[in-house]
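Read-outs throughout are calculated quantities, based only on the coordinates presented, and are distinct from any laboratory measurement. What you are looking at is a predicted structure, and each value in this text was computed from that prediction instead of being measured. Here the Cβ positions follow ideal geometry from the backbone for every residue, glycine too, while neighbour counts run over all protein chains shown.
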Amino acid sequence: MIYIVEDDASIRELEQYALQSSGYDVRSFEEPEAFWHAMKTSEPELVILDIMLPGEDGFSILKKLRNSPTLRQLPIIMVTAKSSELDTVRGLDCGADDYITKPFGIMEFLSRVRAALRRSAPPAKPNVYSFHELLLDNARHSVTVGDTPVDLTYKEYSLLRLLLENTNLVVTRETILQVVWGTDISVESRTVDMHIRTLRKKLGSAGSYILTVRKVGYKLADSEEGSEE
């Protein structure tokens, strides 16, 4: 979802039409109050923000967004009729990711939107995870220890992948329940412990890499560090 904050109806409609024609979901706002109201219910992937707005200017909105811990990384493109270097520098210094001055070409506008979204996209997760002789190929949905295939259930596989994604970091039981079992509130913490025991057994010697962190959870690390049972 992309939010547009622009009080000029013709420009707002042009930006919205161009984005929607390119396959983006868009919401547009004529004034800041409606924008802030929408932000309380749904956060966008990108904000296209005019500077000269009724009630609150774009610089003020930009600063508030950048001062919010949850919105600090939100991509923001400033769009304004002001073309002086000082305004451009001010916008970038306040945390804007890009700056476009009116009038602008639609192709350039869309190109800058795509670039901002690419820069903000989370890094793709790898298809293959490994730790010593332990190998998980997510594309093939397979696990091997050395050259020996290991047959895991869906939950065991998801649990192992979560540990491999966080090698040498403690993964709490709460996180495991949330990621592997989702919203199934009927699942208890001891279910995690049972699956860990089974997973260790199936992994054979590589099962010793799954260490218990007492009263917290588990981590995948070298067994020499010791396991607190």
Report task. Report whether or not Tyr129 is touching a helix residue (DSSP H, G or I) at 6+ places or on another chain (Cβ under 9 Å), among the aromatic types (Phe, Trp, Tyr) and either closer than 24 Å to Trp36 by Cα or in a loop (DSSP other than H, G, I, E, B) (or both). Result -> no
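Given the structure, is Val216 within 30 Å of Pro44 (Cα to Cα) and among the hydrophobic types (A, V, I, L, M, F, W, C)? Even if it seems obvious, please write down each step before you answer.
Working: within 30 Å of Pro44 (Cα to Cα): no; among the hydrophobic types (A, V, I, L, M, F, W, C): yes.
Spelling it out, it is not the case that Val216 is within 30 Å of Pro44 (Cα to Cα) and among the hydrophobic types (A, V, I, L, M, F, W, C).
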Query raised in the report: Counting residues that are touching an Asp or Glu at 6+ places or on another chain (Cβ under 8 Å) and in contact (Cβ under 8 Å) with a residue 40 or more places away in the chain, which strands (runs of 3 or more DSSP E) fully inside region 1-110 reach at least 1?
Result: 2-5, 46-50, 76-80
